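Have a look at the structure below before the remarks.
The values are calculated or read from the model by the stated rules, or taken from the named source; none is laboratory data. Everything numeric in this text was worked out from a predicted model, so none of it was measured. Note: ideal-geometry Cβ built from the backbone for every residue, glycine included; neighbour counts use all protein chains shown.
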Amino acid sequence: MRIDIVTIFPGMFGEVFRFGILSRAVEAGLVHLHVHNLRDWTRDRHRTTDDSPYGGGPGMVMKVEPLVLAVESILVAGGLNRDRRRVVLLSPRGTPISQSKVVELGGLEQLVVVAGRYEGVDERFISSLGPEHAEEVSIGDYVLSGGEIPAMVLVDAVVRLQPGAMSDPDSFREDSFSRGLLDFPHYTRPQEFRGLRVPEVLLSGDHGEIREWRKRQAVLATHDRRPEILSQRTKE
């Protein structure tokens, strides 16, 4: 899989990609990560990527021209099937990312991630690419200084699903949200800590009982902490 990131702060990503699953996936050739400086597609001597908004108001808006030129250039360089690639703009007004969306994006051949900044991005950026090939997504209902950190979150979530990225290929199937539930509680040594003991069922060696216990605990955790997830499962 090829992942391209478009940002005005490319230096933010170097350290993140040097550790853990991301680093191993890149070293193994499972994922090809490319970070692009949006200013490389500007046409003025100041390398301007933003301007004041039409209609007035506070803040600045990211310009449409360098964004479109950057994405078009990156897609051509990728040379991949148009139906197997997607452009994603990180934006507070985007659709909240879910595990099912991560799985969908992880199945593409190329993902272009655009980190938004300032008050927002010129509306014509997404419109010019078409909704079937570009979309806005969000990592939550709050506002950050820019889209770089959300881009890191999305890339991490997508990369760990690539075949061979995780040492145990079955691990992601037990993740929270993968089965429409939160994860069950986990324990490790010691068996007792300050009077708190590991549940006896986990020490029993009865794998059938352990599976049933974990299923029940996952449902209980979801009911207590995220009941809306269970409501959604019921509707479906």
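The set of residues in region 15-55 being under 15 Å from PRO150 (Cα atoms) and either of a type outside the set (A, V, I, L, M) or over 16 Å from the mean Cα position of the chain (by Cα) (or both) consists of PHE17 alone.
Screening LEU80, LEU75, LEU69, LEU90 for residues that are hydrophobic (A, V, I, L, M, F, W, C), assigned by TED's automatic domain parsing to the domain that holds SER145 and within 15 Å of GLU119 (Cβ to Cβ) leaves exactly one candidate, LEU90. Is it the case that THR7 is under 28 Å from GLY120 (Cβ atoms), surrounded by 15 or more Cβ atoms within 10 Å (Cβ to Cβ) and polar (S, T, N, Q)? So THR7 passes the test. I'd like the residue in region 199-211 that is surrounded by 12 or more Cβ atoms within 10 Å (Cβ to Cβ) and among the acidic types (Asp, Glu) and, out of all such residues, is nearest to LEU181 (Cα to Cα). By that ranking, first place goes to GLU209. Residues that are β-branched (Val, Ile, Thr), part of a helix (DSSP H, G or I) and over 22 Å from the mean Cα position of the chain (by Cα) within region 56-83 comprise VAL64, VAL76, listed in sequence order. Checking each residue in region 135-170 for being in a helix (DSSP H, G or I) and β-branched (Val, Ile, Thr) picks out ILE149, VAL153, VAL155, VAL158, VAL159. Would you check which residues across region 166-202 are in contact with a Leu (Cβ under 8 Å, 6 or more places away or on another chain), at pLDDT 95 or above and not hydroxyl-bearing (Ser, Thr, Tyr) and list them? Within region 166-202, GLN191 is the sole residue that qualifies. Looking across LEU38, LEU30, one residue alone is farther than 30 Å from ARG179 by Cβ, of a type in the set (A, V, I, L, M, F, W, C) and assigned by TED's automatic domain parsing to the domain that holds LEU154. It is LEU38. No other residue among ARG93, ARG24, ARG39, ARG43 is modelled with pLDDT of 95 or more and either over 30 Å from ASP141 (Cα atoms) or not in a helix (DSSP H, G or I) (or both) apart from ARG24.
Table: residues versus (1) modelled with pLDDT of 95 or more; (2) in contact with a helix residue (DSSP H, G or I) (Cβ under 6 Å, 6 or more places away or on another chain); (3) surrounded by 15 or more Cβ atoms within 10 Å (Cβ to Cβ).
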| position | (1), (2), (3) |
| --- | --- |
| THR48 | yes, no, no |
| GLY59 | no, no, no |
| GLY78 | no, no, yes |
| ARG82 | no, no, no |
| ARG86 | yes, no, yes |
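Could you tell me whether ARG216 is modelled with pLDDT of 95 or more, outside any loop (DSSP other than H, G, I, E, B) and of a type in the set (Lys, Arg)? Yes: the conditions hold for ARG216.
Checking the structure you have, find out if any residue of region 116-124 is of a type in the set (Val, Ile, Thr) and surrounded by 14 or more Cβ atoms within 10 Å (Cβ to Cβ). Checked region 116-124: at least one residue is of a type in the set (Val, Ile, Thr) and surrounded by 14 or more Cβ atoms within 10 Å (Cβ to Cβ). When ASP51 is tested against (1) touching a residue at least 12 places away in the same chain (Cβ under 8 Å); (2) among the acidic types (Asp, Glu); (3) under 30 Å from GLU104 (Cα atoms), exactly one condition is not met: (3). Counting the residues of region 96-106 that are crowded, with 16+ Cβ neighbours inside 10 Å and assigned to a helix (DSSP H, G or I) gives 5.
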